[in-house]
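Report on the following structure.
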Amino acid sequence: MHELSIAQSLITSVIREKESRGLSRIHSIGMRIGLLSGVLPDALQFGYEAAREGTALESADLVIEEVPVRVRCRMCRQEFEVEDFAIRCPGCLSGEVDVVNGYEIDIVFIEAETGIRHDGEQK
């Protein structure tokens, strides 16, 4: 299950960001996972929950947005979302397409407390 190693890399990256920015507590982390990425969102969630135990992210939630497959027709340039892997342009019926979205494995947000008071002092 490579989702566990992705979860561990996510935790390492977010903790590094937390420390470099002086954040005191991470509330949640948002990710976008494309349907073509090979990552199973439920398995990633499970791996994250197991791997976060005993870390600075122990109470931080992982929010996953699944990104559908979106393609662009090479013939007429129309973009459309692929459903049921039926890759045929609705405009010109061509099957020649380029993938626009669907391979993402991105961190899109980190919701946190700054750890800095309004007077500039560290909490």
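The values are calculated or read from the model by the stated rules, or taken from the named source; none is laboratory data. Every value quoted in this text rests on a predicted model; they were computed, and no experiment measured them. Every residue, glycine as well, gets a Cβ built from its backbone with ideal geometry; the counts of neighbours run over all protein chains shown. Heads up: the accessible areas ignore ligands, DNA and RNA and are worked out on the full protein's heavy atoms, side chains in. Shrake-Rupley method; radii C 1.70, N 1.55, O 1.52, S 1.80 Å.
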Exercise for review: Please specify each residue of the stretch 55-73 satisfying the condition of being aliphatic (A, V, I, L, M) and part of a strand (DSSP E or B).
Suggested key: L62, V63, I64, V67, V71
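For D98, indicate whether it is at pLDDT 95 or above and either open to solvent by 80 Å² or more (accessible area, probe 1.4 Å) or in contact with a His (Cβ under 7 Å, 6 or more places away or on another chain) (or both).
Working: at pLDDT 95 or above: yes; either open to solvent by 80 Å² or more (accessible area, probe 1.4 Å) or in contact with a His (Cβ under 7 Å, 6 or more places away or on another chain) (or both): no.
Criteria not met by D98.
Tell me whether the stretch 19-33 contains one or more residues that are in a helix (DSSP H, G or I), modelled with pLDDT under 95 and among the basic types (K, R). Reasoning before the result, please.
Just the residues of the stretch 19-33 that are in a helix (DSSP H, G or I), to begin with: 19-21.
After this cut, where a residue has to be modelled with pLDDT under 95 as well, the list is 19-21.
Now restrict to residues that are among the basic types (K, R): 21.
Checking the stretch 19-33: at least one residue is in a helix (DSSP H, G or I), modelled with pLDDT under 95 and among the basic types (K, R).
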Review point. What about S13, is it open to solvent by 60 Å² or more (accessible area, probe 1.4 Å) and out of contact with any Leu (no Cβ under 7 Å at 6 or more places or on another chain)?
Key: no
Practice item. Kindly provide the set of residues from the stretch 29-60 that are open to solvent by 60 Å² or more (accessible area, probe 1.4 Å) and touching a Pro at 6+ places or on another chain (Cβ under 8 Å), ordered by number. Key: L35
Check your understanding: If you go through the stretch 64-95, how many residues are of a type outside the set (A, V, I, L, M, F, W, C), open to solvent by 80 Å² or more (accessible area, probe 1.4 Å) and under 25 Å from the mean Cα position of the chain (by Cα)?
Key -> 5
